[in-house]
Amino acid sequence: MITIPAPPKFWDFSKAFAWVISVEIAQRIVADPGLIDAARAWHRQHPQHPHYQALWDDALSQGPECLAARLVADTEDGQALRDSTICFPGAGLDAPELRRALVARARKMMSGEYRNTSWPTTNATTMVVAGHCSQLSQYSKVSDNGGDS
């Protein structure tokens, strides 16, 4: 099981949904680090704005635990990664049932249902996200109360 901290507070559904998708991606890349190679290949074929291109180049050069931590971090870096998310081919995120479940989680998150609780996880990998990336502390916190303000 991956231990994800309680979700930050978001005021915008699209930001909440991006965080929910990022949690799912984080869990899957820790369980299957080969997904990072597929994402790198996709990233090279679909260039972004130079700022985001460099951000993703750096994030994808880290190990799976560090990438996972950065994706869900309540930091400017985490928010920028979520705002410019790339494709993780083979991650299985395109199943309609999964998408509906993730939308439902984001709605529950917006309602405050997951406040002050651990985030539900979907696989058997153990990881405490915040402790896996030494670089994480170099990125500033988005806000004291978490999320967008």
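The values are calculated or read from the model by the stated rules, or taken from the named source; none is laboratory data. On a predicted model such as this, the values are computed, not experimentally measured, just so you know. Ideal geometry is used to build each Cβ from the backbone, glycine not excepted, and the neighbour counts take in all protein chains shown.
Take the conditions touching a residue at least 24 places away in the same chain (Cβ under 8 Å), out of contact with any Ser or Thr (no Cβ under 7 Å at 6 or more places or on another chain) and farther than 17 Å from residue 33 by Cβ and apply them to residue 100. Does it pass? Please lay out each step first, then the result.
Numbers: touching a residue at least 24 places away in the same chain (Cβ under 8 Å): no; out of contact with any Ser or Thr (no Cβ under 7 Å at 6 or more places or on another chain): yes; farther than 17 Å from residue 33 by Cβ: yes.
So residue 100 does not fit the description; no.
Are there any helices (runs of 4 or more DSSP H) wholly within the range 1-63 with 2 or more residues that are touching a helix residue (DSSP H, G or I) at 6+ places or on another chain (Cβ under 9 Å), in contact (Cβ under 8 Å) with a residue 60 or more places away in the chain and among the aromatic types (Phe, Trp, Tyr), and if so which?
On the way: elements: 13-31, 34-45, 50-60.
Those helices (runs of 4 or more DSSP H) span 13-31.
Residues in the range 8-21: is at least one modelled with pLDDT of 90 or more and either touching a Cys at 6+ places or on another chain (Cβ under 7 Å) or of a type in the set (S, T, N, Q) (or both)?
no
Considering only residues that are loosely packed, with under 15 Cβ neighbours inside 10 Å and within 10 Å of residue 88 (Cβ to Cβ), which ones fall in the range 24-36?
Let us first name the residues in the range 24-36 that are loosely packed, with under 15 Cβ neighbours inside 10 Å, namely 33-34.
Matches in the range 24-36: none.
Go over the candidates 77, 94, 83 one by one and state the one that is exposed (fewer than 14 other Cβ atoms within 10 Å of the Cβ), touching a Lys or Arg at 6+ places or on another chain (Cβ under 9 Å) and among the charged types (D, E, K, R).
Numbers: 77 fails: exposed (fewer than 14 other Cβ atoms within 10 Å of the Cβ); 94 fails: touching a Lys or Arg at 6+ places or on another chain (Cβ under 9 Å).
Result of the check over 77, 94, 83: 83.
Of all residues in the range 64-97, count the ones that are in contact (Cβ under 8 Å) with a residue 24 or more places away in the chain, of a type outside the set (Ser, Thr, Tyr) and not in a helix (DSSP H, G or I). Can you show your working first?
So in the range 64-97, the residues in contact (Cβ under 8 Å) with a residue 24 or more places away in the chain come out as 64-93.
Keeping just the survivors that are of a type outside the set (Ser, Thr, Tyr) gives 64-74, 76-83, 86-93.
With the extra rule that they be not in a helix (DSSP H, G or I), the set shrinks to 73-74, 86-93.
Result for the range 64-97: 10.
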